Amino acid sequence: MEKSAKIYIAGHRGMVGSAIHRKLVQEGFDNFVFRTSSELDLREQADVRAFFATERPEYVFLAAAKVGGIMANNIYRAEFLYENLQIQNNIIDSAYRNDVKKLLFLGSSCIYPKLAPQPLQEDSLLTGTLEPTNEPYAIAKIAGIKMCEAYRSQYGCDFISVMPTNLYGPNDNYDLNKSHVLPAMIRKFHEAKEDNKPFVELWGTGSPLREFLHADDLADACYFLMQNYSEAGFLNIGVGTDVTIKALAELIRGVVGYEGDIQWNTEKPDGTPRKLMDVSKLHGLGWKHKTELADGIRVTYQDFLNKIATYAV
């Protein structure tokens, strides 16, 4: 990417999009085009086409999506499928129609079959049944991968896809009804500490294994790949190691300073037993993460404290 190139980050105010913006600014880029969701509804094809025709961005980071944790994914199944399909279809097609030089599509590790061999390799896609609780979101993301592959095959578009593992970091969503496990735990433990509650209830058994990647590391990887990768196949982005949800809870409890107990509600679902990414292809290209989990959680907890008024009960 040329330093003077016009760059569109779809979803620039979210955790991933804002991290990508920070990274690009650090690298000396300053020609950005942004639209908030109130200014441009990415679900509306005509509006997205008009935006691309007017602004003519040269590079696109497609980080916009309707996202949420296990509860939101399971309850709002139609919205997660429809809205994500609309967003990515409109942007990918408009990028092709307006001669975007390169586009990077961000997917999710939930695209893999629930019981796929661990660690998850890129060629495990579409080899088995998906995890039911987030199947609509996964199907939308799989469609995005295939859209990029199809536009590359048919039209020669330099559209690439990446599949990040579970993410966390500044600008995360701490809404207990919509957030992912790590930010939800941060809020639960903090509020329990503030209210002197004797215990915190968490979902499931605590036995599932999860991998966590700091958003700034993801942004660094995305920048690296926009510079160094132009292949049809998508790439996993992760750290290559995982922890149990129970161990994660203990780590967050320690960072927050909560001294009460943890009670596991085993009537609630665990979700996928394990989701460890095989990142050997990415490592082979020369990129590895920099932020260790404990350090990243400390930074993320500070981000939560900075936003605490917004998320007050």
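Going through the range 106-136 one residue at a time, which ones are under 25 Å from V16 (Cα atoms), hydroxyl-bearing (S, T, Y) and either assigned to a loop (DSSP other than H, G, I, E, B) or in contact with a Lys or Arg (Cβ under 8 Å, 6 or more places away or on another chain) (or both)?
Hits for the range 106-136 are S108, S109, Y112.
Given (1) aliphatic (A, V, I, L, M); (2) closer than 19 Å to K188 by Cα; (3) outside any helix (DSSP H, G or I); (4) at pLDDT 95 or above, where does L213 come up short, assuming only one miss?
Only one criterion is unmet by L213, namely (2).
Being modelled with pLDDT under 95, polar (S, T, N, Q), under 15 Å from the mean Cα position of the chain (by Cα) and closer than 19 Å to K290 by Cα is true for just one of N173, N166. Which residue is that?
That would be N166, the only listed residue that is modelled with pLDDT under 95, polar (S, T, N, Q), under 15 Å from the mean Cα position of the chain (by Cα) and closer than 19 Å to K290 by Cα.
Using the structure shown, decide if V60 is outside any helix (DSSP H, G or I), farther than 30 Å from P132 by Cα and under 18 Å from the mean Cα position of the chain (by Cα).
yes
Considering only residues of the range 38-83 that are under 23 Å from A138 (Cβ atoms) and small (G, A, S), which is surrounded by the most Cβ atoms within 10 Å (Cβ to Cβ)?
Checking each candidate, the answer is A64.
List every residue pair whose Cβ atoms lie under 7 Å apart, where the two residues are 6 or more positions apart in sequence or sit on different chains, the first residue falls within the range 42-59 and is modelled with pLDDT of 95 or more, and the second residue, located anywhere, is of a type in the set (S, T, N, Q) and assigned to a helix (DSSP H, G or I).
L42/N90; R43/Q86; Q45/N90; V48/N90; V48/S94; R49/S94; F52/S94
Give me the pairs, please: first residue somewhere in the range 241-260 and aromatic (F, W, Y), second residue anywhere and not in a loop (DSSP other than H, G, I, E, B), beta-carbon distance under 6 Å, and either six or more positions apart or on two chains.
Final answer for the pair search is Y258/F189; Y258/A192; Y258/K193.
What residue, among those in the range 84-138 that are over 19 Å from D270 (Cβ atoms), out of contact with any strand residue (DSSP E or B) (no Cβ under 8 Å at 6 or more places or on another chain) and of a type in the set (A, V, I, L, M, F, W, C), is surrounded by the fewest Cβ atoms within 10 Å (Cβ to Cβ)?
L126
Which condition breaks for K141 when tested against (1) over 20 Å from R274 (Cβ atoms); (2) within 14 Å of the chain's Cα centre (by Cα); (3) of a type outside the set (V, I, T)?
It fails just one condition, (1).
Might you let me know whether the range 246-258 holds any residue that is surrounded by fewer than 18 Cβ atoms within 10 Å (Cβ to Cβ), among the charged types (D, E, K, R) and assigned to a helix (DSSP H, G or I)?
Within the range 246-258, one or more residues are surrounded by fewer than 18 Cβ atoms within 10 Å (Cβ to Cβ), among the charged types (D, E, K, R) and assigned to a helix (DSSP H, G or I).
For (1) among the basic types (K, R); (2) in contact with a strand residue (DSSP E or B) (Cβ under 7 Å, 6 or more places away or on another chain); (3) part of a strand (DSSP E or B), each residue gets a yes or a no:
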| site | (1), (2), (3) |
| --- | --- |
| K188 | yes, yes, no |
| A192 | no, yes, no |
| V200 | no, yes, yes |
| L218 | no, yes, no |
| C222 | no, yes, no |
| V239 | no, yes, no |
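Just checking, which of N74, N31 is polar (S, T, N, Q) and in contact (Cβ under 8 Å) with a residue 60 or more places away in the chain?
After applying the criteria, what remains is N74.
Quick check on this structure: which one of S207, S153 is surrounded by fewer than 21 Cβ atoms within 10 Å (Cβ to Cβ), part of a helix (DSSP H, G or I) and more than 13 Å from the chain's Cα centre (by Cα)?
Working: S207 fails: part of a helix (DSSP H, G or I).
Being surrounded by fewer than 21 Cβ atoms within 10 Å (Cβ to Cβ), part of a helix (DSSP H, G or I) and more than 13 Å from the chain's Cα centre (by Cα) holds for just one of S207, S153, which is S153.
Condition first: among the polar types (S, T, N, Q) and either part of a loop (DSSP other than H, G, I, E, B) or over 30 Å from L130 (Cα atoms) (or both). Now tell me which residues in the range 262-299 satisfy that.
Step one: filter the range 262-299 for residues among the polar types (S, T, N, Q), giving 263, 265-266, 272, 280, 291.
Once the filter is applied, which keeps residues that are among the polar types (S, T, N, Q) and either part of a loop (DSSP other than H, G, I, E, B) or over 30 Å from L130 (Cα atoms) (or both), the range 262-299 yields T266, T272, T291.
The values are calculated or read from the model by the stated rules, or taken from the named source; none is laboratory data. Keep in mind that what you see is a predicted model, and the values were worked out from it rather than measured. Neighbour counts run over all protein chains shown; Cβ positions are idealised from the backbone, glycine included.
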